[in-house]
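The values are calculated or read from the model by the stated rules, or taken from the named source; none is laboratory data. From a predicted model like this one, the values you see are computed outputs, not experimental measurements. Note that we place each Cβ from the backbone using ideal geometry, even for glycine, and neighbour counts take in every protein chain shown. These area figures cover heavy atoms from the full protein model, side chains too; ligands, DNA and RNA do not enter into them. Shrake-Rupley method; radii C 1.70, N 1.55, O 1.52, S 1.80 Å.
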Amino acid sequence: MTNALYRNARLIDPEAQTETHGWLRIENGVIAEIGDGDRAGGVNCGGLCLAPGIVDLGVKVGEPGERHKESFRTAGAAAAAGGVTTIVTRPDTTTPIDTPEVLDFVRRRGQEAAAVRFRPMAALTKGRAGREMTEIGFLLDAGAVAFTDGDRVVSNTKVFSRCMSYARSVGALIVGHPQDPGLSEGAAVTSGKFASLRGLPAVSPMAERMGLERDLALVQMTDARYHADQISTAAALPALARAKAEGLDVTAGVSIHHLTLNELDVADYRTFFKIKPPLRAETDRIAMIDAVRDGLIDVICSMHTPQDEESKRLPFEAAASGAVGLETLLPAALRLYHAEQLTLPVLFRAMALNPARRLGLPGGRLGVGAPADLVLFDPDVPFVLDRATLRSKSKNTPFDGQRMQGRVETTLVGGNIVYSRGAS
């Protein structure tokens with residue numbers, strides 16, 4: 001059904017920052033017409049929200065090497081059920097995506113198996129070892145949309161500056177992980193009274209500020225395009241604000257977990273809440289929400305990181321970091337809407353419009369000529385999350401058993417229905 005009419009909907013437009021009652025017509029897989037009010041025929045949305053599909057920047061898929069944790073098929077199914085129409089994958093697989101040959105394999109696998117659109121990032125250095133730059137130009141030609149070593153910080157400043165200089169010459173985007181590797185090594189939680197009471201190895205929020213300050217200085221030196229994958233502390237925000245005020249080509253993201261959870265959620269060593277960077281203080285969480293509202297932080301992502309049971313059922317310090325988030329990104333984000341902290345247009349600006357723009361993708365918009373990548377959702381329906389029902393192979397979600405509000409009804413990619421709750 002690449003041709004269809006959806007009417008009686010709450011249209012969430014992140015470009016215009018509006019929420020209106022209207023209809024939308026799809027023709028040949030793109031949005032052909034949008035109007036206010038109601039009209040006859042087509043699919044009656046029943047007053048539910050119709051918004052651009054989410055573009056999730058920074059998804060971990062286990063292929064190649066860790067397919068037992070997540071495959072493109074299961075990641076695509078989880079994304080579709082969560083209203084995510086484009087997954088932008090990380091290269092931190094067991095076999096890093098650091099050559100055109102590996103990238104071509106991943107690209108073909110993603111296109112064949114995933115129910116949604118797929119765009120890969122490639123490694124910045126060979127083997128993600130931080131010593132030698134990858135063939136950025138060839139990887140760009142092979143389809144890489146950005147370059148990152150994931151949570152492995154390139155600690156050699158000279159190597160990182162060379163990577164930035166070359167990336168600048170070919171117009172490539174670098175995605176950095178702002179952390180000082182020396183301070184953050186071995187840390188499981190954020191430093192403070194709670195960490196001391198639990199006896200867990202901790203890292204100061206200053207590690208994030210120091211890492212970001214270094215990266216931004218190199219951006220100023222090389223004029224590179226740079227995106228910070230996750231900002232999670234208030235201490236890092238002034239540096240980000242200065243860089244933007246100076247006109248540097250810099251954007252930043254935050255994970256949904258850092259927007260909706262805090263350090264106290266770790267409670268009695270609950271390893272599903274162990275993520276990287278670690279959960280922060282409540283004051284940091286509120287600062288991140290304010291930064292998203294003000295546009296200082298551009299992108300909200302799931303930072304989907306599947307881990308199997310064996311790697312999570314360990315003492316907190318030894319357990320693997322990461323949480324799945326493709327299917328929980330939207331309902332978790334709606335917590336901020338129901339708390340009247342962020343509006344729906346602001347949420348979709350950060351979850352759809354901005355990541356698409358940053359990567360040069362055509363989606364993320366609710367405008368004529370845009371791809372008909374859409375999500376129809378009920379923002380108010382309550383449910384209790386059961387991790388066993390998640391479509392991801394791994395079930396390591398911190399939201400297990402929690403009361404959520406808001407659920408996807410239908411997800412469309414190119415006008416085709418890839419998920420329908422009634423049919424699942």
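Here are the numbers for the structure shown:
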{"quantity": "Unmet criterion (only one of (1) out of contact with any Lys or Arg (no Cβ under 8 Å at 6 or more places or on another chain); (2) more than 21 Å from Thr389 (Cβ to Cβ); (3) open to solvent by 40 Å² or more (accessible area, probe 1.4 Å)) for Pro100", "calculated": "(3)"}
{"quantity": "Residue list for segment 349-381, restricted to those being under 23 Å from Thr305 (Cβ atoms), assigned to a helix (DSSP H, G or I) and not charged (D, E, K, R)", "calculated": "Ala350, Met351, Ala352, Asn354, Pro355, Ala356, Leu359"}
{"quantity": "Qualifying positions in segment 140-187 - open to solvent by less than 60 Å² (accessible area, probe 1.4 Å), hydroxyl-bearing (Ser, Thr, Tyr) and not in a helix (DSSP H, G or I)", "calculated": "Thr148"}
{"quantity": "Evaluation of Ala332 against (1) surrounded by 23 or more Cβ atoms within 10 Å (Cβ to Cβ); (2) small (Gly, Ala, Ser); (3) in a strand (DSSP E or B) (one fails), failing number", "calculated": "(3)"}
{"quantity": "Test for Gly76: is it crowded, with 22+ Cβ neighbours inside 10 Å, at pLDDT below 95 and either part of a helix (DSSP H, G or I) or among the β-branched types (Val, Ile, Thr) (or both)", "calculated": "no"}
{"quantity": "Selection from segment 111-139 of residues that are among the charged types (D, E, K, R), more than 21 Å from His304 (Cα to Cα) and not in a loop (DSSP other than H, G, I, E, B)", "calculated": "Lys126"}
{"quantity": "Selection from segment 410-423 of residues that are open to solvent by 40 Å² or more (accessible area, probe 1.4 Å) and in contact with a helix residue (DSSP H, G or I) (Cβ under 7 Å, 6 or more places away or on another chain)", "calculated": "Val418"}
{"quantity": "Single condition Arg403 does not satisfy, out of (1) closer than 23 Å to Ala339 by Cβ; (2) basic (Lys, Arg); (3) within 20 Å of the chain's Cα centre (by Cα)", "calculated": "(3)"}
{"quantity": "Candidate set from segment 198-212 (those that are assigned to a loop (DSSP other than H, G, I, E, B) and free of Cβ contacts under 8 Å to residues at least 60 places away in the same chain); member that is least open to solvent (accessible area, probe 1.4 Å)", "calculated": "Ser204"}
{"quantity": "Subset tally (residues that are among the acidic types (Asp, Glu) and in contact with a strand residue (DSSP E or B) (Cβ under 8 Å, 6 or more places away or on another chain)) for segment 316-350", "calculated": "0"}
{"quantity": "Answer from Thr74, Thr86, Thr125 - the residue that is within 23 Å of Ser161 (Cβ to Cβ), of a type in the set (S, T, N, Q) and touching a Lys or Arg at 6+ places or on another chain (Cβ under 8 Å)", "calculated": "Thr125"}
{"quantity": "In segment 299-318, the residues that are of a type in the set (Lys, Arg) and buried (at least 18 other Cβ atoms within 10 Å of the Cβ)", "calculated": "Lys312"}
{"quantity": "Residues (in contact with a helix residue (DSSP H, G or I) (Cβ under 9 Å, 6 or more places away or on another chain) and either among the hydroxyl-bearing types (Ser, Thr, Tyr) or under 22 Å from Thr148 (Cα atoms) (or both)) located in segment 175-190", "calculated": "Gly176, His177, Pro178, Gln179, Asp180, Pro181, Gly182, Leu183, Ser184, Ala187, Thr190"}
{"quantity": "Positions within segment 280-298 being of a type in the set (Lys, Arg) and either part of a helix (DSSP H, G or I) or open to solvent by 20 Å² or more (accessible area, probe 1.4 Å) (or both), in sequence order", "calculated": "Arg285, Arg293"}
{"quantity": "Test: residue in segment 320-328 that is of a type outside the set (D, E, K, R) and without any contact (Cβ under 8 Å) to a residue 24 or more places away in the chain", "calculated": "no"}
{"quantity": "Selection within segment 188-197 - open to solvent by less than 60 Å² (accessible area, probe 1.4 Å) and more than 23 Å from the chain's Cα centre (by Cα)", "calculated": "Ser191, Gly192, Phe194, Ala195"}
{"quantity": "Meets criteria (of a type in the set (Ser, Thr, Tyr) and either part of a loop (DSSP other than H, G, I, E, B) or crowded, with 24+ Cβ neighbours inside 10 Å (or both)) for Ser321", "calculated": "yes"}
{"quantity": "Matching residues, segment 29-53, being within 28 Å of the chain's Cα centre (by Cα) and at positive phi", "calculated": "Gly29, Gly47"}
{"quantity": "Single residue of Lys276, Lys244 found to be open to solvent by 10 Å² or more (accessible area, probe 1.4 Å), touching a residue at least 12 places away in the same chain (Cβ under 8 Å), touching an Asp or Glu at 6+ places or on another chain (Cβ under 8 Å) and among the basic types (Lys, Arg)", "calculated": "Lys276"}
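Here is a yes/no grid of residues against (1) within 20 Å of the chain's Cα centre (by Cα); (2) assigned to a loop (DSSP other than H, G, I, E, B); (3) among the hydrophobic types (A, V, I, L, M, F, W, C):
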{"position": "Arg214", "(1), (2), (3)": "no, no, no"}
{"position": "Ala217", "(1), (2), (3)": "no, no, yes"}
{"position": "Gln220", "(1), (2), (3)": "no, no, no"}
{"position": "Ser232", "(1), (2), (3)": "yes, yes, no"}
{"position": "Lys244", "(1), (2), (3)": "no, no, no"}
{"position": "Leu248", "(1), (2), (3)": "no, yes, yes"}
{"position": "Tyr269", "(1), (2), (3)": "no, yes, no"}
{"position": "Pro278", "(1), (2), (3)": "yes, yes, no"}
{"position": "Ile300", "(1), (2), (3)": "yes, no, yes"}
